[in-house]
Amino acid sequence: MGLTLKPHNVLPGFGLALGFTLFYLSLIVLIPLSAAFIKTATLTWEQFWAAVSAPRVVASYQLSFGASLLAALINAFFGLILAWVLVRYSFVGKRIVDALVDLPFALPTAVAGIALTALYSEKGWIGQLLQPLGIKVSFTPLGVLVALVFIGLPFVVRTLQPVIEELEPELEEAAAILGASRWQTFTRVIFPALLPALLTGFTISFARALGEYGSVIFIAGNMPMISEITPLIIITKLEQYDYAGATAIAVVMLMASFTLLLLINYLQWKTRKLNATA
Amino acid sequence: MWDTLSYPEALVEPGQRSRVRRGVREEPAAVRYLLIGAALLFVGLMLIVPLSSVFYEALKKGLDVYFKAITDPDALSSIRLTLLVAAVAVPANLVFGVAAAWAITKFEFRGKNFLITLIDLPFSISPVISGLIYVLVFGLQGWLGPWLAEHDIKVIFALPGIFLATIFVTFPFVARELIPLMQAQGKEEEEAALVLGASGWQMFRRVTLPNIKWGLLYGVILCNARAMGEFGAVSVVSGHVRGMTNTMPLHVEIAYNEYNFTAAFAVASLLALLALVTLLLKTFIEWRTRRNTISL
């Protein structure tokens, strides 16, 4: 890599800091990660395809991608409301609610998993209310959705909050003076300004849900073809010492993650650009 | 401004003026209450109820059972291991975070944005895959497996594997907290220190460190919470050896799968307390730093 150092920079430690950064990054992240791709390369294309397109695996993609998408949509909707309420309104307990939004981030996923399972089981606080309605959550795909909504909750709120704070009051005032109703102002002025950040939060929430393991496996029931998520299939294959098969599926998930990461970077860049010109 | 025209400046308190100004930027009261209600319902159902249920389930059978569960030898050894894992992973990523942020924010070089993306990479990777890649390198069938077996070194299903997997999943925390902060601070203060005759170490200790201390602490707190709570990645590399390679989250899983719910929730309640302390410290730092920027 060609490194061009500005000639007038007098600060010390560049070589050491960058050298250590690259060394540590390679050792911890890049070399182990490349192992996944190199391991997969030992498979023939037919073997790879058979591993990643087995019916049970495809069913797990459908569940993982479908439930993650739905969870991200629910989080986008409630996240927008929550962020708006936290920035614009004042109410009792607002600071506590604001701090609690990060709970899914701070609470270990296994703890979230067993708590949600207990809550939504037939005898649980919420489960016993849903049972008369014929709704079963624990040990069904619906349980997967609940867990994924939980772990993705902070992302939309936290990406939207700073953007709502920075909205120019003049824009809304101008819209009001020009005769727009509050709803028109929201749909025509506010929402378009929030959209890139909303999409960013949505995508982060989706990406996070896709790889989630700890909170899901307790509540999902893990029935093959029905409530088995893709990360669990990877674990199952590992336990059967099918390393190549586990890695092939992991590579599919990694490609999905990398695509989402690129999308998130693009959306964040777009949000910054929009805010800079506003 | 249009809204103050009808209110002579002198008569309007600053707070009141912003209320007048906000007038057209406000939804009708009914909509406001509806939105607040929806937000509180969502937070209550998704966050507060699950959190309270952890403590309720843990204490359901009384304090005696609770204390017995957390002083059980296997539980205690999982607590010790979790503390040890955090004591290894957090300092490792702290040193890395400072080095990476220093190189990235104080110097210009090509490929910087790509480097930042690479540092963020572990966040976008499933915890399960984070564990898997270490099995591929250090496991018995892995690259270094035969060599390690020959020299009787265990990485997978042993402590080194748990350390590595935890370092991986908490890799970006400190760096990504420091990079924007140090970017905003620029390098004039450090340059001034050097011109005034400070050595590199003095400059770092007296100028850089005080400037970044809150950001550093923030990153460390988040890193620590994840290091103590990581489940998926650690689960893949640990091998679940009771009293040996079980961290607290793994202990919770095993107790739960054995239908020993009170024991599972008792240890889970300790992790939930950790989460609450994390949130409290995080909020405190946010409050502190916001105040600092206002008082500047």
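The numbers here are math on the coordinates, done by the rules we state, and not lab data. Please read these numbers as outputs of a predicted model, since none were measured by experiment. With ideal geometry, Cβ positions are generated from the backbone for all residues, glycine too; neighbour counts draw on all protein chains shown.
To keep it simple, each residue is scored yes or no on (1) in contact (Cβ under 8 Å) with a residue 60 or more places away in the chain; (2) in contact with a strand residue (DSSP E or B) (Cβ under 7 Å, 6 or more places away or on another chain); (3) buried (at least 17 other Cβ atoms within 10 Å of the Cβ); (4) away from chain A (no Cβ under 11 Å).
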site	(1), (2), (3), (4)
B:VAL169	yes, no, yes, no
B:LEU178	yes, no, yes, yes
B:GLU190	yes, no, yes, no
B:GLY197	no, no, no, yes
B:LEU209	no, no, no, yes
B:LEU216	yes, no, yes, yes
B:SER235	yes, no, yes, no
B:SER238	yes, no, yes, yes
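Those residues that are of a type outside the set (Val, Ile, Thr), within 8 Å of chain A (Cβ to nearest Cβ) and buried (at least 22 other Cβ atoms within 10 Å of the Cβ), I need them from the range B:254-278; list them, please.
Once the filter is applied, which keeps residues that are of a type outside the set (Val, Ile, Thr), within 8 Å of chain A (Cβ to nearest Cβ) and buried (at least 22 other Cβ atoms within 10 Å of the Cβ), the range B:254-278 yields B:ALA264, B:PHE265, B:ALA268, B:LEU271, B:ALA272, B:ALA275.
May I ask you to say which residue of A:LEU145, A:LEU86, A:LEU100, A:LEU119 is touching a helix residue (DSSP H, G or I) at 6+ places or on another chain (Cβ under 6 Å), of a type in the set (A, V, I, L, M), facing chain B (nearest Cβ under 8 Å) and touching a residue at least 60 places away in the same chain (Cβ under 8 Å)?
Going through A:LEU145, A:LEU86, A:LEU100, A:LEU119 in turn, just one is touching a helix residue (DSSP H, G or I) at 6+ places or on another chain (Cβ under 6 Å), of a type in the set (A, V, I, L, M), facing chain B (nearest Cβ under 8 Å) and touching a residue at least 60 places away in the same chain (Cβ under 8 Å): A:LEU86.
Can you tell me which residue in the range A:39-52 is nearest to the other protein chains (Cβ to nearest Cβ), limited to those that are under 30 Å from the mean Cα position of the chain (by Cα) and surrounded by 12 or more Cβ atoms within 10 Å (Cβ to Cβ)?
By that ranking, first place goes to A:LYS39.
If you take the residues of the range B:22-66 that are touching a Phe, Trp or Tyr at 6+ places or on another chain (Cβ under 7 Å) and more than 8 Å from every other protein chain (Cβ to nearest Cβ), which of them is surrounded by the fewest Cβ atoms within 10 Å (Cβ to Cβ)?
B:LEU59
Quick check on the range B:99-127: of everything there that is over 17 Å from the mean Cα position of the chain (by Cα), assigned to a helix (DSSP H, G or I) and at the interface with another protein chain (Cβ under 7 Å from one of its Cβ atoms), which residue is surrounded by the fewest Cβ atoms within 10 Å (Cβ to Cβ)?
B:THR117
Would you be able to say whether some residue in the range A:146-154 is surrounded by fewer than 21 Cβ atoms within 10 Å (Cβ to Cβ) and of a type outside the set (Ser, Thr, Tyr)?
Within the range A:146-154 (the criterion being surrounded by fewer than 21 Cβ atoms within 10 Å (Cβ to Cβ) and of a type outside the set (Ser, Thr, Tyr)), the answer is no, since none of the residues qualifies.
This table checks each residue for (1) hydroxyl-bearing (Ser, Thr, Tyr); (2) more than 30 Å from B:VAL54 (Cα to Cα); (3) over 19 Å from the mean Cα position of the chain (by Cα).
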| residue | (1), (2), (3) |
| --- | --- |
| A:GLU166 | no, yes, yes |
| A:LEU171 | no, yes, yes |
| A:LEU178 | no, yes, yes |
| A:SER181 | yes, yes, yes |
| A:THR187 | yes, yes, yes |
| A:PHE206 | no, no, no |
| A:ILE217 | no, no, no |
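Would you confirm whether any residue within the range A:260-275 is at the interface with chain B (Cβ under 9 Å from one of its Cβ atoms), touching a residue at least 40 places away in the same chain (Cβ under 8 Å), assigned to a helix (DSSP H, G or I) and out of contact with any Phe, Trp or Tyr (no Cβ under 8 Å at 6 or more places or on another chain)?
yes
If a residue has to be of a type outside the set (Gly, Ala, Ser), away from chain B (no Cβ under 11 Å) and within 22 Å of the chain's Cα centre (by Cα) to count, how many in the range A:227-253 make the cut?
1
Could you tell me whether any residue of the range A:206-221 is closer than 30 Å to B:ASP120 by Cβ, within 12 Å of chain B (Cβ to nearest Cβ) and among the acidic types (Asp, Glu)?
yes
B:PHE157 - would you say it is in a loop (DSSP other than H, G, I, E, B), closer than 27 Å to B:LEU140 by Cα, touching a residue at least 24 places away in the same chain (Cβ under 8 Å) and within 11 Å of chain A (Cβ to nearest Cβ)?
no
Going through A:SER257, A:SER227 one at a time, which residue ends up being in contact (Cβ under 8 Å) with a residue 40 or more places away in the chain and either of a type in the set (A, V, I, L, M, F, W, C) or outside any helix (DSSP H, G or I) (or both)?
Result: A:SER227 is the single residue among A:SER257, A:SER227 that is in contact (Cβ under 8 Å) with a residue 40 or more places away in the chain and either of a type in the set (A, V, I, L, M, F, W, C) or outside any helix (DSSP H, G or I) (or both).
Scan the range A:60-70 and tell me whether some residue there is without any contact (Cβ under 8 Å) to a residue 40 or more places away in the chain, among the aliphatic types (A, V, I, L, M) and part of a helix (DSSP H, G or I).
Among the residues of the range A:60-70, not one is without any contact (Cβ under 8 Å) to a residue 40 or more places away in the chain, among the aliphatic types (A, V, I, L, M) and part of a helix (DSSP H, G or I), which makes the answer no.
Which of the residues belonging to the range A:23-37 are in contact with a helix residue (DSSP H, G or I) (Cβ under 8 Å, 6 or more places away or on another chain) and surrounded by fewer than 18 Cβ atoms within 10 Å (Cβ to Cβ)?
A:LEU30, A:ILE31, A:PHE37
Among the hydrophobic types (A, V, I, L, M, F, W, C), over 30 Å from B:SER124 (Cβ atoms), at the interface with chain A (Cβ under 10 Å from one of its Cβ atoms) and surrounded by fewer than 17 Cβ atoms within 10 Å (Cβ to Cβ), is that true of B:TRP201?
Taking the combined requirement at face value, the residue satisfies it.
May I ask you to verify whether B:THR283 is of a type in the set (S, T, N, Q), free of Cβ contacts under 8 Å to residues at least 12 places away in the same chain, in a helix (DSSP H, G or I) and surrounded by fewer than 20 Cβ atoms within 10 Å (Cβ to Cβ)?
In short, yes.
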